[in-house]
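The block underneath contains the structure these notes are about, expressed in structure tokens.
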Amino acid sequence: MKAHEEIVNIKLNDTQMRENLSNAMHTLQKNRFKVIEDKFQDWQGLRNKAKQAKNNALMSLEERLVEFEKNATKNGIKVHWASSDKDACELIYEIMKENNISKILKGKSMASEEIGLNHYLEKKGLKAIETDLGEVIIQLDGEVPVHIVVPAIHKNRYEIGKTFQEKLGAELESEPEKLNAIARKYLRDEFEGLKLGLSGVNFAMSREGAFWLIENEGNGRMCTTAPDIHIALCGIEKVMESFEDAATMVHLLTPSATGQFIPTYNNIITGPRKNGDLDGPKEVHIVLFDHHRSDMLAHEDYYEALRCIRCGACMNFCPVYDKIGGHSYQTIYPGPIGEVISPNLFGMDKTGDILNFCSLCGRCSEVCPVKIPLADLIRKLRCDKVGQGENPPFGTKEHSKMEAFAFSSFANLATNGNKWRFSLSKGHYFNWFVQNFKGSLPVIKKWSAFKELPQIKKDLYKEVQNIEGIVYE
């Protein structure tokens with residue numbers, strides 16, 4: 001908790017970051033509204049169709065996974081299974097070791113961030129080099145993504161130019177075209193002689209035994225076609241039944257993420273290079289990993305979060321996220337979706353504090369393209385965190401008895417009209433005590449650091465009754 005408080009205060013005082021995020025979020029919001037209005041006749045119907053397709057896949061996930069393995073293997077793809085994040089890292093490491101490879105180039109992959117692949121390989125003396133422009137920037141700066149779609153959205157072009165100057169030895173530039181040219185030169189040098197490329201998976205299709213990648217920069221296509229070996233990292237919830245279901249998702253994902261109608265590149269991987277093909281990898285591996293997704297699927301409440309298509313729309317509209325930034329969440333999945341899946345994937349004890357980063361305004365639920373009731377799930381997780389839930393995520397600690405007593409006392413006051421009115425009218429008498437002893441007060445000491453008890457002189461109920469046109473019952 002202390003670490004979270006410190007980083008939030010730092011980010012709240014980082015005026016440049018807040019300005020960068022505010023500008024970027026408003027642009028993404030406008031782009032989304034415009035493309036939905038201009039290009040779609042029945043956006044809500046498409047959302048309903050996607051929700052149903054995702055639910056159907058999740059409710060038959062065992063069947064989908066078995067079917068995918070069968071058909072992907074038939075297509076020449078080597079399918080690997082990983083129960084945990086460590087298992088997934090070890091599988092990738094073993095493939096590198098067997099092929100005497102010391103460096104991989106990575107396309108955009110939140111799954112690899114989730115399992116900590118870069119750090120794992122670094123400890124083994126191996127290199128994992130990012131190729132997505134945003135990921136390149138934050139890797140050079142030694143940071144983690146601030147957003148699941150646009151990882152360096154908190155930096156402006158002047159900051160990026162300075163990073164390229166310091167880390168790549170380039171001339172100091174601020175024009176986007178020149179910055180892109182610097183990054184392109186750096187990456188082209190890395191792509192030469194590439195033997196192994198890694199990607200994530202946006203959607204996998206069990207009926208076809210194939211998987212779909214979408215991107216805007218072309219680096220993903222390089223990582224999947226230029227090397228001899230391609231490894232795809234895929235959470236098991238990404239497996240859907242058919243190409244048609246996946247196409248429905250893609251039609252929702254890109255407008256929700258960046259406000260584009262379609263992505264620049266659609267890459268559908270059906271297997272390794274075949275006889276007569278001029279390009280493509282000689283080997284294609286896919287690592288299907290669980291990492292507590294099965295536990296989420298079995299939960300009557302939190303299974304809905306597995307519908308997430310990683311578009312980031314909930315972050316783009318969150319009034320808390322754009323004030324504190326993604327790094328404040330101290331988990332690879334920030335924003336509203338991160339508040340739901342992080343406690344389920346990493347444990348309530350490690351990430352439960354981020355449940356405070358929500359005003360429950362409900363905007364995230366409104367804009368989620370697959371209709372995940374994010375605000376409701378955050379509210380339920382808060383119940384779990386304080387010991388009121390029936391089936392909390394792993395890592396949930398025993399609730400504080402002092403806090404339970406404080407809130408039960410508050411509930412007693414708040415649900416009794418006479419007690420509540422009396423408390424409001426007399427509460428300001430305790431201001432001196434609260435302000436002078438706020439550092440030692442249990443339960444409310446953090447609240448009291450920023451609040452004071454108001455003096456309410458008028459009888460609100462009588463005032464309401466006297467308003468013309470109001471019938472008070």
### Query
Does any residue of the range 255-265 turn out to be more than 17 Å from Ala210 (Cβ to Cβ), in contact with a Lys or Arg (Cβ under 8 Å, 6 or more places away or on another chain) and open to solvent by 50 Å² or more (accessible area, probe 1.4 Å)?
yes
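With the condition kept exactly as written, say whether any residue in the range 33-53 is in a helix (DSSP H, G or I), hydrophobic (A, V, I, L, M, F, W, C) and under 30 Å from Met348 (Cα atoms). It would help to see each step written out before you state the result.
Applying the first criterion (in a helix (DSSP H, G or I)) to the range 33-53 yields 33-39, 43-53.
Keeping just the survivors that are hydrophobic (A, V, I, L, M, F, W, C) gives 33, 35-36, 43, 46, 50, 53.
Now restrict to residues that are under 30 Å from Met348 (Cα atoms): 50, 53.
Yes - at least one qualifying residue is present in the range 33-53.
Condition check: of a type in the set (Gly, Ala, Ser), within 24 Å of Gly220 (Cα to Cα), open to solvent by less than 20 Å² (accessible area, probe 1.4 Å) and in contact (Cβ under 8 Å) with a residue 24 or more places away in the chain. Does Ala50 satisfy that?
It is false that Ala50 is of a type in the set (Gly, Ala, Ser), within 24 Å of Gly220 (Cα to Cα), open to solvent by less than 20 Å² (accessible area, probe 1.4 Å) and in contact (Cβ under 8 Å) with a residue 24 or more places away in the chain.
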### Query
Which of the residues that make up the range 143-164 are farther than 15 Å from Leu21 by Cβ and at pLDDT below 95?
Val144
### Query
Considering only the range 267-288, how many residues are assigned to a loop (DSSP other than H, G, I, E, B), closer than 22 Å to Arg207 by Cα and either open to solvent by less than 60 Å² (accessible area, probe 1.4 Å) or in contact (Cβ under 8 Å) with a residue 12 or more places away in the chain (or both)?
4
### Subset of the range 191-208 (residues that are within 28 Å of the chain's Cα centre (by Cα) and closer than 15 Å to Cys223 by Cβ)
Leu196, Gly197, Leu198, Ser199, Gly200, Val201, Asn202
### Query
What number of residues within the range 204-228 satisfy the criterion of being open to solvent by 10 Å² or more (accessible area, probe 1.4 Å) and of a type in the set (Val, Ile, Thr)?
2
### Message
Just checking: which of the helices (runs of 4 or more DSSP H) contained wholly in the range 108-168 hold 1 or more residues that are among the β-branched types (Val, Ile, Thr), more than 17 Å from the chain's Cα centre (by Cα) and crowded, with 22+ Cβ neighbours inside 10 Å?
### Response
133-140, 157-168
### Query
Using beta carbons and a limit of 9 Å, which pairs, at least six apart or on different chains, have the first residue in the range 189-211 and at positive phi and the second one open to solvent by less than 10 Å² (accessible area, probe 1.4 Å) and in a helix (DSSP H, G or I)?
Gly209/Phe68; Gly209/Ala72
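Could you grab me the full set of residues in the range 169-179 that are of a type in the set (D, E, K, R) and either in a helix (DSSP H, G or I) or open to solvent by 70 Å² or more (accessible area, probe 1.4 Å) (or both)?
Those that are of a type in the set (D, E, K, R) and either in a helix (DSSP H, G or I) or open to solvent by 70 Å² or more (accessible area, probe 1.4 Å) (or both): Glu171, Glu175, Glu177, Lys178.
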### Query
Got a sec? Which of Arg307, Arg293 is under 17 Å from the mean Cα position of the chain (by Cα), touching a residue at least 24 places away in the same chain (Cβ under 8 Å) and within 23 Å of Trp43 (Cβ to Cβ)?
Arg307
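Check Thr331, Thr264 and return the single one that is of a type in the set (Val, Ile, Thr), at pLDDT below 95 and within 30 Å of Phe40 (Cα to Cα).
Matching residue, one of Thr331, Thr264: Thr264.
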#### Entry: Which listed residue, of Ile286, Ile268, is within 22 Å of Ala50 (Cβ to Cβ) and of a type outside the set (S, T, N, Q)
Ile268
### Message
Against the definition (in contact (Cβ under 8 Å) with a residue 24 or more places away in the chain and of a type in the set (S, T, N, Q)), how does Asn23 come out, yes or no?
### Response
no
### Task
Return the total of residues in the range 352-362 being surrounded by fewer than 19 Cβ atoms within 10 Å (Cβ to Cβ) and either touching a helix residue (DSSP H, G or I) at 6+ places or on another chain (Cβ under 8 Å) or within 20 Å of Lys2 (Cα to Cα) (or both).
4
#### Entry: Qualifying positions in the range 215-236 - touching a Gly at 6+ places or on another chain (Cβ under 8 Å) and among the hydrophobic types (A, V, I, L, M, F, W, C)
Met222, Cys223, Ala226, Ile229, Ile231, Ala232, Leu233, Cys234
### Message
Here is a list: Phe33, Phe68. Which entry is surrounded by 16 or more Cβ atoms within 10 Å (Cβ to Cβ) and either free of Cβ contacts under 8 Å to residues at least 24 places away in the same chain or of a type in the set (Phe, Trp, Tyr) (or both)?
### Response
Phe68
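Could you tell me whether Asp301 is open to solvent by 10 Å² or more (accessible area, probe 1.4 Å), of a type in the set (Asp, Glu) and either under 17 Å from Asp85 (Cα atoms) or within 16 Å of the chain's Cα centre (by Cα) (or both)?
For Asp301, the condition - open to solvent by 10 Å² or more (accessible area, probe 1.4 Å), of a type in the set (Asp, Glu) and either under 17 Å from Asp85 (Cα atoms) or within 16 Å of the chain's Cα centre (by Cα) (or both) - is not met.
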### Query
For the range 66-84, what are the residues that are touching a strand residue (DSSP E or B) at 6+ places or on another chain (Cβ under 6 Å) and among the aliphatic types (A, V, I, L, M)?
Ala72, Ile77, Val79, Ala82
### Query
Based on what the data block shows, is Glu339 open to solvent by 10 Å² or more (accessible area, probe 1.4 Å) and of a type in the set (D, E, K, R)?
no
### Residue check, Lys419 at pLDDT 90 or above and in a helix (DSSP H, G or I)
no
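The values are calculated or read from the model by the stated rules, or taken from the named source; none is laboratory data. The model shown is predicted, which means the values in this text are computed figures rather than measured ones. With ideal geometry, Cβ positions are generated from the backbone for all residues, glycine too; neighbour counts draw on all protein chains shown. When the accessible area is computed, the model is the full protein with side chains, heavy atoms only, and any ligands, DNA or RNA have been set aside. Shrake-Rupley method; radii C 1.70, N 1.55, O 1.52, S 1.80 Å.
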